Amino acid sequence: MNLDLTACITLICTSGVLNLYLCFYVFIKRHHYSNIAHLFILHTGFTAIYCMGAAFSLLSVNLEEMKFWTGIQYVGMPFSPPAGLLFVMQYVGIKVRKKHIFALFVIPFISLIMVATNDWHHLHYRVFEIDPVLGAPYVHQEIGPWYTIHGMFIFSSMFVAFLLAVYRWKETAKAYRLQLIALMVGQLVPIFTAFVYLMGFTPQGIDPVPMVLWISSFLYLWSINSSRMFTVMPVAKDAIFNSINDGVIVLDEAYRLIEFNLASKNMFPQLKKAMFGKRFADI
């Protein structure tokens, strides 16, 4: 095994171990956290399975082993981005219902079936074989029509999750923004890496995405420990703030508007979020 391949496997294993640690850590403490923790457990659990499959795939010595571990990857990889989207949805205050979970997991489930049965129809991979130049465990593949649908869905799930986190930025107090940064980077890193991979700018025959997922995991772990993700969230603060019957308007040290609750909005209908940052005297 050459040094480059060893380095790739090491990075993938690091991503897998960190995600597995996060999954078990949050699972053990789930009773101390809000309901959002269950979606995070799903997200990190699926990601850990994806990384495990990718690592063992690079240890394969023949095509049968490569296909088997690719199938294991698809037990986790297609489900991780929609689970991450559900997690971000609930984080920003969108109530996640069973119909949302069912709808978002339909395409991943089909992708899993497509990969498991690809030798019969070749709709996911038109060609999946050992790279004729590099040899095992490097893969030469040509994508089929379902791979395109699957890829668009994966990208869309991560991008929508990223946009939801960005949308919350302006309304989030500085104390909570570390959580949002972790969420945004957690979605942006695999999006960028997958895009670079599809453009052909990464080493041939190896999926680089699981190699960089340790970055997202490290940021999640940092956010949990430093800004108490799951125990203190902006959405919880907003629920309490907006339940106050008295009108509350919050100004910063320069007397600029930074927040107001629903009661003050009812008293002063002209108040708009577009006014955030303006001097209160001008408002």
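Remarks
- If you filter the range 42-69 down to residues that are among the aromatic types (Phe, Trp, Tyr) and free of Cβ contacts under 8 Å to residues at least 60 places away in the same chain, you find that the one that is farthest from Met114 (Cα to Cα) is Phe56.
- Residue check for Ser80: within 17 Å of the chain's Cα centre (by Cα) and crowded, with 18+ Cβ neighbours inside 10 Å: yes
- Selected residue [crowded, with 18+ Cβ neighbours inside 10 Å, touching a residue at least 40 places away in the same chain (Cβ under 8 Å), assigned to a helix (DSSP H, G or I) and not aromatic (Phe, Trp, Tyr)] from Leu5, Leu39, Leu20: Leu39
- The C-beta contact set for the range 106-125 (first residue touching a residue at least 12 places away in the same chain (Cβ under 8 Å) and open to solvent by less than 40 Å² (accessible area, probe 1.4 Å), second residue polar (S, T, N, Q) and part of a helix (DSSP H, G or I), distance under 8 angstrom, 6+ apart or interchain) comprises Val115/Thr70; His124/Ser111; His124/Asn118; Tyr125/Asn118.
- Residue within the range 89-102 that is of a type in the set (A, V, I, L, M, F, W, C), under 25 Å from Tyr147 (Cα atoms) and without any contact (Cβ under 8 Å) to a residue 40 or more places away in the chain present: yes
- Meets criteria (open to solvent by 50 Å² or more (accessible area, probe 1.4 Å), modelled with pLDDT under 95 and in a helix (DSSP H, G or I)) for Lys99: yes
- Among the residues making up the range 151-183, those that are modelled with pLDDT of 90 or more, open to solvent by 30 Å² or more (accessible area, probe 1.4 Å) and in contact with a Phe, Trp or Tyr (Cβ under 9 Å, 6 or more places away or on another chain) are Phe155, Leu164.
The values are calculated or read from the model by the stated rules, or taken from the named source; none is laboratory data. What you are looking at is a predicted structure, and each value in this text was computed from that prediction instead of being measured. As a convention, Cβ positions derive from the backbone with ideal geometry for all residues, glycine included, and neighbour counts pool all protein chains shown. Protein only, heavy atoms only, side chains kept; ligands, DNA and RNA dropped before computing areas. Shrake-Rupley method; radii C 1.70, N 1.55, O 1.52, S 1.80 Å.
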